[in-house]
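Scroll down for the structure; my scribbles are underneath it.
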Amino acid sequence: QVQLVESGGGLVQAGGSLSVSCAGSGRFFSNYAMGWFRQAPRKEREFVAAITRSGSSTFYADSVKGRFTISRDNAKNTVYLQMNSLKAEDTAVYYCGAAYRSVVAGNPLEYDYWGRGTQVTVSS
């Protein structure tokens with residue numbers, strides 16, 4: 001069983017930066033590939049970024065490539081999402097997910113656990 005808690009969301013101006021974190025509880029956090037998704041009002045949840053359980057490979061949605069960076073620290077049971085050059089369309093609730101596999105990407109059905117999300121609002 002893995003419990004995930006996101007933090008670090010908030011309000012930022014367009015063009016600014018924000019970092020969100022996801023802390024995992026439970027043992028063997030390093031056995032889980034991790035991902036970030038987001039959901040804006042009246043829209044479906046969409047993939048943002050993912051990282052393998054070792055941290056050696058990362059994957060990004062085209063909409064955030066070059067602006068967002070996913071990373072993890074297995075010693076701290078934490079995965080991070082650094083968001084730069086934020087746009088109004090990045091406004092959403094950001095969720096982290098954990099998948100009990102070495103590699104995971106954009107299919108939410110492959111994730112076993114989810115956090116409750118953290119709100120990111122980008123003002124234009």
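The values are calculated or read from the model by the stated rules, or taken from the named source; none is laboratory data. Model, not experiment: these values are computed from the prediction. Every residue, glycine as well, gets a Cβ built from its backbone with ideal geometry; the counts of neighbours run over all protein chains shown. The protein model used for the area step is the full one, side chains on, heavy atoms only, and it has no ligands, DNA or RNA in it. Shrake-Rupley method; radii C 1.70, N 1.55, O 1.52, S 1.80 Å.
Structure values in brief
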{"item": "Inter-site label distance for GLN13 and ARG116 at 7 Å from Cα along Cβ, in nm", "result": "3.2"}
{"item": "For segment 56-69, Karplus couplings with θ = phi - 60° (6.51, -1.76, 1.60), whole Hz, Gly/Pro x", "result": "7, 9, 10, 9, 9, 6, 4, 5, 10, 4, x, 10, 10, 9"}
{"item": "GLU89 paired with SER30, simple spin-label distance in nm, labels 7 Å along Cα-to-beta-carbon", "result": "3.9"}
{"item": "Of GLY10, THR121, ALA99, farthest towards positive along the dipole that unit charges on Lys, Arg, Asp, Glu beta carbons give the chain", "result": "ALA99"}
{"item": "Projected label distance in nm at LYS43 and VAL5, using a 7 Å step from Cα toward the beta-carbon", "result": "2.9"}
{"item": "Under 17 Å from the Cα of LYS65 - lysines, other chains or at least 8 residues apart", "result": "LYS87"}
{"item": "Apportionment of accessible area to carbon and sulfur, the chain, percent (1.4 Å)", "result": "46"}
{"item": "Listed peptides 117-123, 38-44 by packing density, highest first (mean Cβ within 10 Å)", "result": "117-123, 38-44"}
{"item": "Most mobile of TYR113, TYR95, TYR32 in a GNM of the chain (Cα contacts under 10 Å)", "result": "TYR113"}
{"item": "Magnitude of the charge dipole, the chain, Cβ model with Lys/Arg +1 and Asp/Glu -1, debye to 20", "result": "120"}
